[in-house]
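Everything on this sheet refers to the single structure shown next.
Rule-based calculations on the coordinates, nothing more; no lab input. Just so you know, these numbers come straight off a predicted model, no measurement behind them. Cβ sites come from the backbone with ideal geometry, for glycine too, and all protein chains shown count toward neighbours.
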Amino acid sequence: MFIPIQKLLNTERKNKRIITLIYDMFAVTFSLYIAVVIRLGVTAFEINLEEIASLLITLITTITVFVKLGMYRAVLRYMMLPAIGNIFFAVFISAITLSISGFFLHSFIPRSVPFIYAGLAIITLGGPRILIRTFYYHYYKRQKPNVFIYGAGATGRNLAYALIQGEDFHPVAILDDDKNKIGQVVYGLKVHHSSEFKQLQSLYSPEKLLLAINNINKGKRLRLVEQLSHWPIEVLSVPSIEDIAAGKAHATEIRDLDVADLLGRAPIAPNHELLSKNITNQHVMVTGAGGSIGSELCRQVLAQKPKTLLMFELNEYNLYKINQELEGIKEHLHMETQLVPALGSVQRQNRVEKLMQAYSINTVYHAAAYKHVPLVEDNIVEGIRNNVFGTLAVAQAAIKCKVANFTLISTDKAVRPTNIMGASKRMAELVLQALAETESHTTLTMVRFGNVLDSSGSVVPLFKKQIRKGGPVTVTHPDIIRYFMLIPEAAQLVIQAGAMGKNGQVFVLDMGEPVKILDLAKRMIHLMGMKERINAEGEKESGDIEIRFTGLRPGEKLYEELLIGAHVEGTSHSKIMTAQEDKLHWEDMENLINQLDTCCHNFDVDCIRRILLDAPTGYKPTGEQLQ
């Protein structure tokens, strides 16, 4: 019997509808015949035109009601209680139609026949549907991995329903800490207290735990994730009800935990007045628009509804990707912002000037830079050209075009740098500080912050990839620490800092508490349902994923700083500070720039290093550096 049902499930949708329609017509006819047989006690009886007419009217009415109720659009294996309710309703209408047609057509239909017919029709019409649904559930669920759902609220209930209908996971239990929900049954799944996890795990052997709680504050969620990180099971997250309702995600869209959950970091609420000050109804340019920070800046800028958003990017594919994304957002929200994707290098001042003039740019966010420490260490001349001279070119273009606001996105690696990337960014800051002394039309500001999560160079995506491959997870040093910030909040704070800036100011973002990279690696391994294994001094420890220490890379240091001096002042924003630091006058800076240009032209790496050492960059190289 299973083989025909399997064939039915696997046939084309059109054929399924035809088969179901033919069967229903047969079931209605058969039910009426058996009802009369039961009433009369004989299997053979005379049938006149009146009885045939009553049958046809009942048949047409029943099929029409089924069509109106969508019974032939529903997938048989997904039939649940709502569909069974529709069958009861359709049979009720069918039985009434049979009685009325028999009365007006004077057909031979005894009064008890419609009642007997109704009972039989419910069995013949609903029975096969329930049978197919039951077969599918019990046969196919064995092919789906068992999972637990954490959260018996609206998100958890929607997830349970979607998973039962789907083909990816088989939910076997729901966990929750709310005592009022313990013992409830949701779509056949009992709600258990989280303290029962170990017993349930040994009973069901689930592969994953799906976190379906989105209606709690960030602090509680972080504590919950910390608790789950100690459970021996992979933890995944599901979208919120709001995202599902807005069409941003599907109920069964299972994904990795948010990076904020991994770091135990709550996002910073923005000041909306500062966000809009230099953007709303203005013409804005973002350089490096296709990068991690640049693309997020574009999203945040678009949200403030500028007149024009000019996206300047050297990489064609990255520019195409962010432009397509923003065009989709613009269309969805019916925005009038003009989006301008422009290819080009920040080192070509003439190209940048022409664009600024053509689109009357008011505000510039300069995010274009080479940021990967080892790569810049291996390509010193190009790193200096892009990070220092690129910043100089865009800043001078902004000054020439009388752009009102120019904000440089800097880095914590510019503070007492030990690598060329950091030194080049500090030199870019010095360039802006020197230019600010000579300029009154354009406000030049710098915003300095640490690592951003899920950026192209972040350790989070790297660790995920290494864990999924079975390890090893590579950590440079057991004591290395870093500051981390979410990309959206970093972009928002950059915009807010630029809006409150005075000419030549350096802003420093409050990055919160530093994170030990080794602890981050362990946390990610635990949340992916595995244990770490650290080989120290030749000792072998039990575990699933090895953590291997590779040693500090050239120019890398154990910890990053955000401030050079001690002269730090607060601002009107609690998470933004301003720093008073050493700088050069433009005459001295111009002389330094000319020397640096000559060294780059001659590809004289030693000369470049000498200039960086002599300038007030605080550059102190460590380790072996490649040329």
Looks like the stretch 360-480, by Cα gyration tensor root eigenvalues a ≥ b ≥ c and the a/c under 1.5 rounded cutoff (else prolate when a/b is bigger than b/c, oblate otherwise), is prolate
Order by neighbour count: 439, 50, fewest other Cβ atoms within 10 Å first, most last.
50, 439
Of the listed peptides 17-26, 497-506, what is their order by residue-averaged count of other C-beta atoms within 10 Å, with the highest listed first?
497-506, 17-26
Between the stretch 87-116 and the stretch 328-351, what is the C-alpha centre distance in whole Å?
68
So for the stretch 299-402, using the alpha carbon gyration tensor with a ≥ b ≥ c as root eigenvalues (a/c under 1.5 gives rounded; past that, a/b versus b/c decides prolate or oblate), I'd call it oblate
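List 51, 296, 316, 437 from most exposed to least, where exposure is judged by having the fewest other Cβ atoms within 10 Å.
Fewest-to-most ranking of 51, 296, 316, 437: 316, 437, 51, 296.
Going by a ≥ b ≥ c, the root eigenvalues of the Cα gyration tensor, does the stretch 265-314 fall in the rounded group (a/c under 1.5), the prolate group (a/b larger than b/c) or the oblate group?
oblate
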Using Cβ contacts closer than 10 Å as the measure, can you line up 606, 588, 412 from fewest to most?
606, 588, 412
Taking amide H atoms as placed 1.01 Å from N in the peptide plane, list the residues 5 or more away in sequence, or in a different chain, whose amide H sits under 5 Å from that of residue 175.
149, 150, 151, 192
11 Å beta-carbon shell around residue 393, net charge (K/R +1, D/E -1)
+3
In whole angstrom, the spacing between the Cα centers of the stretch 148-167 and the stretch 366-417 equals 48
Tell me the net charge near residue 60. Cut-off is 13 Å between Cβ atoms, residue 60 excluded, with +1 for each Lys or Arg and -1 for each Asp or Glu.
0
